Each structure stands twice: as structure tokens, then as C-alpha cells.
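Here is the structure we will look at, set down as C-alpha cells.
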Amino acid sequence: ELEGLNAHFQERIDAEEKIEPKDWMPEKYRKNLIRQISQHAHSEVIGMQPEGNWITRAPTLHRKAVLLAKVQDEAGHGLYLYSSAETMGITREELIESLHDGSAKYAQIFNYPTLSWADMGAIGWLVDGAAIVNQVSLQRTSYGPYARSMVRICKEESFHQRQGYHILMTLMEGSTEQKAMAQDAVNRFWWPSLMMFGPHDADSAHSAQSMKWKVKRQTNDELRQKFVDQSVEQAEAIGLTLPDPDLVWNEERGHFDFGEIDWAEFDRVVSGSGHCNRERVAHHRRAHDEGSWVRDAICAYEEKKRSREVA
Ligand code: FAQ
């Protein structure tokens, strides 16, 4: 019987039907999606920290208002994604617990420190840029609630990317020191941005099955290539150099060739030894604990409302 259910499920996937929360699904599909969506949600929420670091130090009121709005958007994205994961039968508490105990991951990029104002530019341009390339593809993912959350997230994300690019563009029109600051930020964030797409396809544990189930619509390497191709022209347009001597147009492939990623660094940062891993999780834990009274108050209020309705 299970075989029949599995076959029918794959037929629905092949026919481009969306899978909805109450539909039958293989246990592995459910587990894999909870893993991916929750890691995606954690990335949005942990991703607020490197930029939150600069809200009070933004150079103008306008930049401050824009950055504040962007960081708030990230909180919102986290919430859509947690809700989407919850439709698969896991609670928010369980998801947060896995973040705190280290069993759930979040994007490695957020374990790098933000050292200068130009980092806000590099994060918007490169980190949000990489995120969009991936998320545009995920708008067609097979799980309905996840696909729909991606549509809205992508709209907001393109504003994020432009605000980052605009910061760099402005710095590149400035003094020698400002130009150097922009270039330094790009030098530090370029390679970690390429790592955001995950290991090469041949080394990616989940890719083959995720492609078959159409959880992923394009592979890690395909998306990374797309990101490299689009970034080269954008860098040139404002006079920035990408820190890769092997970056060269390949006429035959119709794509840019680029150097090899330092996978040892990737493994180190993913497994907890990046610059900021401990700090990021500790900060989240502290904020979560300090906010417990709000959650308690909401629950108590809901409880009271319900008992009044019954009476
Ligand atoms: N960092 O078999 P695969 C954002 C792990 S955007 C850490 O290839 P998969 C917006 C992976 O989890 C960033 N770990 O895995 C923003 C797996 O470990 P596991 C978030 C990574 O899932 C911008 C193992 O390596 N976006 O936050 C990373 O098929 C600016 C093997 O990898 C998403 O999450 C990594 N970079 O492909 C916010 C997009 N890469 O779980 C603030 C949705 C891989 O077995 C500021 N996710 N790993 O223990 C995806 O598309 C996929 O999950 C991939 C990885 C492509 C990330």
C-alpha cells in the first residue's frame, strides 16, 4: 500500500501539482522540508544580528530608517517561514529548541562579523543577492505554503538588494577611503556569499532526492553560477573588483569560470567555529528568554478570552 501511495505522490509532483498541508506525503519528504524550511527561517532571524549591529551607527537618518525597515522585513520572513514549517506538524517551540541546541543549522554567512558601514552594502548586494537567486527558484517548490511564502519574500528581498547596492554605489563615488572601505567589504563577503549555495552538487547530501521531489528546482551549482554571472557586471558598473583571479568569461560555456571555494572554511563555519557562531546563538537565546513574559501574557490572555466565551 505504501508503495502505491509513494507512486501516486511522485505522479502528483511530476504533474506539477502543489502538495498541501493535509495531503498525504512520504515521511522523508516531510522531514526534509521541515529541515530546509526551518533552517531557512533560522537564517532570516539570525541574519538580523549582523545588520542590527549597525542600526545605531548608520551615517544618516535616511540610511537608518531604511536599514531598520530591512531588518524588520527579515523578522517577518522568519515568521512566514516558521508558520510554513508548522503546517507540517512541528511546533514553533521545537523549531527554536533545535536552533538553540545546535541540531538545526542556519546559513553560514551570518557567522561573519560586520566590521564597517560598507558591510551593510556588501550584505545587501551580495548576501540578499544570493538569497534572491535561490528564493526565486524556490517560488516553484512543490510544497504549497513554502512556495507561496517565497513569492512575497522575493518582492521584499529585491528592495533589500537594491538598498545594499546603493550603499556601495554611493561609497564608490566618494573619497579614496570610502572606496577602499567598499572594496574591503566586498573582498570579505564575496567568497562566503558563494558558499551560501551549499556544497557542490556531487557532495550535496540532499540534492538528488530534493530535485526529484521538486523541493529544489535548480541545483546548488546551477544557482551559484547564475549568481556569479549576474554579479560580475554589477561590480564592474560601479568600479568594484571581485576578489578572484580565476574569474574569467568562458565563451564556450556562456558563463564565467571562477576559482575553487575554500570548503575547509565552509565546514569550519557550518560546524560552529566561525567568528560569531557562539555569539549569534547566545544572543538569540537571551532575546528568546527575555521575551518569554510576552508569550506567557499572550497565552494567559487567550486562555481568559476562551473561558469567557464558554461561560
Ligand atoms: N550554511 O545537501 P545540501 C537569508 C548544509 S537567505 C549552512 O546541499 P540542501 C536572507 C545543509 O543544511 C539564507 N549550512 O543541503 C537574508 C546540509 O546540512 P543538514 C537562507 C549549509 O538543503 C539575507 C548540508 O550542508 N536561505 O537568510 C549551507 O539540499 C540577508 C548539505 O547540504 C535558505 O535557507 C550554508 N550556506 O541545500 C537574511 C534557502 N549550505 O541539514 C538576512 C533555502 C548547505 O543535512 C540578511 N534552503 N548547508 O545538517 C536551500 O535552498 C537549501 O537548504 C540549500 C542547501 C541550498 C541552502
> What residue, among those in the range 91-138 that are assigned to a loop (DSSP other than H, G, I, E, B), of a type in the set (S, T, N, Q) and more than 10 Å from the ligand (Cβ to nearest atom), is most open to solvent (accessible area, probe 1.4 Å)?
Replying inline: Thr91
> In the range 178-190, what residues are farther than 26 Å from Ala75 by Cα and open to solvent by less than 20 Å² (accessible area, probe 1.4 Å)?
Replying inline: Ala182
> Filtering the range 140-160 down to residues that are within 14 Å of the ligand (Cβ to nearest atom) and open to solvent by 60 Å² or more (accessible area, probe 1.4 Å), which residue is farthest from Val45 (Cα to Cα)?
Replying inline: Arg140
>> If I filter the range 68-83 for residues that are surrounded by 15 or more Cβ atoms within 10 Å (Cβ to Cβ) and in a loop (DSSP other than H, G, I, E, B), do I get at least one hit?
In response: no
>> Being closer than 21 Å to Val71 by Cβ and either at pLDDT below 95 or of a type outside the set (Ser, Thr, Tyr) (or both) is the requirement here; does Ser193 meet it?
In response: no
>> Can you name every one of the helices (runs of 4 or more DSSP H) wholly within the range 210-311 that holds 1 or more residues which are over 22 Å from Leu95 (Cα atoms)?
In response: 220-237, 263-268, 292-310
> Can you pull out the residues in the range 63-108 that are free of Cβ contacts under 8 Å to residues at least 60 places away in the same chain and among the small types (Gly, Ala, Ser)?
Replying inline: Ala65, Ala69, Ala75, Gly78, Ala85, Gly89, Ser103
>> Between a residue in the range 116-141 that is without any contact (Cβ under 8 Å) to a residue 24 or more places away in the chain and any residue that is part of a helix (DSSP H, G or I) and of a type in the set (Gly, Ala, Ser), which pairs come within a Cβ distance under 9 Å, given they are 6 or more apart or on different chains?
In response: Gln139/Ala147
>> Which residue is farthest from Asp246 (Cα to Cα), if the candidates are limited to the range 192-213 and must be touching a residue at least 40 places away in the same chain (Cβ under 8 Å) and buried (at least 19 other Cβ atoms within 10 Å of the Cβ)?
In response: Trp213
> Taking the range 214-260 on its own, how many of its residues are of a type in the set (D, E, K, R), more than 16 Å from the ligand (Cβ to nearest atom) and surrounded by 13 or more Cβ atoms within 10 Å (Cβ to Cβ)?
Replying inline: 3
> When residues of the range 24-47 are filtered for being open to solvent by less than 50 Å² (accessible area, probe 1.4 Å), more than 9 Å from the ligand (Cβ to nearest atom) and in contact with a Phe, Trp or Tyr (Cβ under 9 Å, 6 or more places away or on another chain), how many remain?
Replying inline: 5
> For the range 8-20, what are the residues that are open to solvent by 50 Å² or more (accessible area, probe 1.4 Å), at negative phi and either in a loop (DSSP other than H, G, I, E, B) or of a type in the set (A, V, I, L, M) (or both)?
Replying inline: Ala15, Glu17, Lys18, Glu20
> Within the range 271-311, how many residues are closer than 30 Å to Pro113 by Cα, over 20 Å from the mean Cα position of the chain (by Cα) and open to solvent by 90 Å² or more (accessible area, probe 1.4 Å)?
Replying inline: 3
> List pairs: first in the range 228-243 and in contact (Cβ under 8 Å) with a residue 40 or more places away in the chain, second among the β-branched types (Val, Ile, Thr) and open to solvent by 30 Å² or more (accessible area, probe 1.4 Å), Cβ under 7 Å, 6+ apart or cross-chain?
Replying inline: Ala235/Thr241
> If you go through the range 161-177 one residue at a time, do you hit one that is near the ligand (Cβ under 8 Å from one of its atoms), in contact with a Lys or Arg (Cβ under 9 Å, 6 or more places away or on another chain), open to solvent by less than 10 Å² (accessible area, probe 1.4 Å) and farther than 20 Å from Gln36 by Cβ?
Replying inline: no
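The values are calculated or read from the model by the stated rules, or taken from the named source; none is laboratory data. The structure presented is a predicted model; accordingly, all values stated were derived computationally and were not measured. Cβ atoms come from the backbone with ideal geometry, glycine included; neighbour counts cover every protein chain shown. For the accessible areas, the whole protein counts, side chains as well, though only heavy atoms, and no ligand, DNA or RNA atoms are used. Shrake-Rupley method; radii C 1.70, N 1.55, O 1.52, S 1.80 Å.
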